[in-house]
1. Which of the residues spanning the stretch 67-85 are assigned to a loop (DSSP other than H, G, I, E, B) and without any contact (Cβ under 8 Å) to a residue 12 or more places away in the chain?
2. If Ala70 satisfies all but one of (1) more than 26 Å from Glu124 (Cβ to Cβ); (2) buried (at least 16 other Cβ atoms within 10 Å of the Cβ), what's the number of the condition it fails?
3. Among the candidates Ala20, Ala7, which residue alone is within 22 Å of Val84 (Cβ to Cβ) and either without any contact (Cβ under 8 Å) to a residue 12 or more places away in the chain or within 15 Å of the chain's Cα centre (by Cα) (or both)?
4. Tell me the residue from Ser95, Ser144 that is touching a residue at least 24 places away in the same chain (Cβ under 8 Å) and outside any helix (DSSP H, G or I), please.
5. Considering only the stretch 97-113, I want to know if a residue exists there that is under 27 Å from Phe164 (Cβ atoms) and acidic (Asp, Glu).
6. Between Asp109, Asp69, Asp74, Asp83, which is near the ligand (Cβ under 9 Å from one of its atoms), among the charged types (D, E, K, R) and out of contact with any His (no Cβ under 7 Å at 6 or more places or on another chain)?
7. Can you say whether Tyr131 is in contact with an Asp or Glu (Cβ under 6 Å, 6 or more places away or on another chain) and in a strand (DSSP E or B), as far as the supplied structure shows?
8. Test each condition in (1) surrounded by fewer than 23 Cβ atoms within 10 Å (Cβ to Cβ); (2) touching a residue at least 12 places away in the same chain (Cβ under 8 Å) for Ile64 and report the one that comes out false.
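Values quoted throughout were computed directly from the atomic coordinates according to the rules given, and no laboratory measurement underlies them. In this text, all values refer to a predicted model and were calculated from it rather than measured experimentally. For neighbour counting, all protein chains shown are included, and Cβ atoms are generated from backbone atoms with ideal geometry for every residue, glycine included.
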Amino acid sequence: MKPYADAAEENKTVVLPLIARFLPGVDEVLELGSGTGQQIVYFAGQYPQVRWQATDLPENLPGIQAWIDAAGLDNLPPAQALDVAQPHWPFAPQSLIYTSNTLHIMSKDHVRMLFCRLAEVLNEGGHFLVYGPFRFADQPFAQSNARFDRFLRERDPRSGIRDFEEICAFAQANGLAHQESIALPHNNHMLVFRREAH
Ligand SMILES: C[S@@+](CC[C@H](N)C(=O)[O-])C[C@H]1O[C@@H](n2cnc3c(N)ncnc32)[C@H](O)[C@@H]1O
């Protein structure tokens, strides 16, 4: 059975043109927290010259793999287990890493560890793209995001919408510079980070 999420379906066409800006010269994209897998399968179908590597916690791999198997695309390798907090990521150096709607699901400590690992895995000049809802100190917190944040924290006190400034501090501490925040529908953003010279 292929798992399905409405949000993933709605977002895939919104985020792909933004990811595509960073694809020239890139032959592989690593996705963190691929979820159902339906987004990465769509991306792979639209950009067959790029290898799209899905990853997630082990419990989500069968669902992602069901999408990959059904797609039958050469540029979709088997989904791999990856907890962003694990001490070593078993991947070659990457030029483009993408994640969607994950930073508010994992704990703040895991977000910090994710950025520590990016310092090891991302090539100099490589990009990290993060899609989702964020809280910006200089902007009002949208009511829909405030409601969502309350829901997340009641469900799991370790989760919650992350502060943009704190994410940037984690990035900066690990040699990644914030380049851009692109406002998207429903109070979501795509944050763009670039790995600076070592
Ligand atoms: C709301 S889902 C988003 C899934 C997908 N990226 C999307 O946009 O549809 C959050 C995902 O984050 C993953 N996740 C949470 N903590 C994680 C961790 N420590 N390492 C890797 N993935 C994690 C979950 O397993 C889940 O697939």
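1. Listed by number, the list holds a single entry, Gly72.
2. For Ala70, the failing item is (2).
3. Going through Ala20, Ala7 in turn, just one is within 22 Å of Val84 (Cβ to Cβ) and either without any contact (Cβ under 8 Å) to a residue 12 or more places away in the chain or within 15 Å of the chain's Cα centre (by Cα) (or both): Ala7.
4. After applying the criteria, what remains is Ser95.
5. Within the stretch 97-113 (the criterion being under 27 Å from Phe164 (Cβ atoms) and acidic (Asp, Glu)), the answer is yes, since at least one residue qualifies.
6. Matching residue, one of Asp109, Asp69, Asp74, Asp83: Asp83.
7. no
8. Going through the list (1) surrounded by fewer than 23 Cβ atoms within 10 Å (Cβ to Cβ); (2) touching a residue at least 12 places away in the same chain (Cβ under 8 Å), Ile64 breaks only (1).
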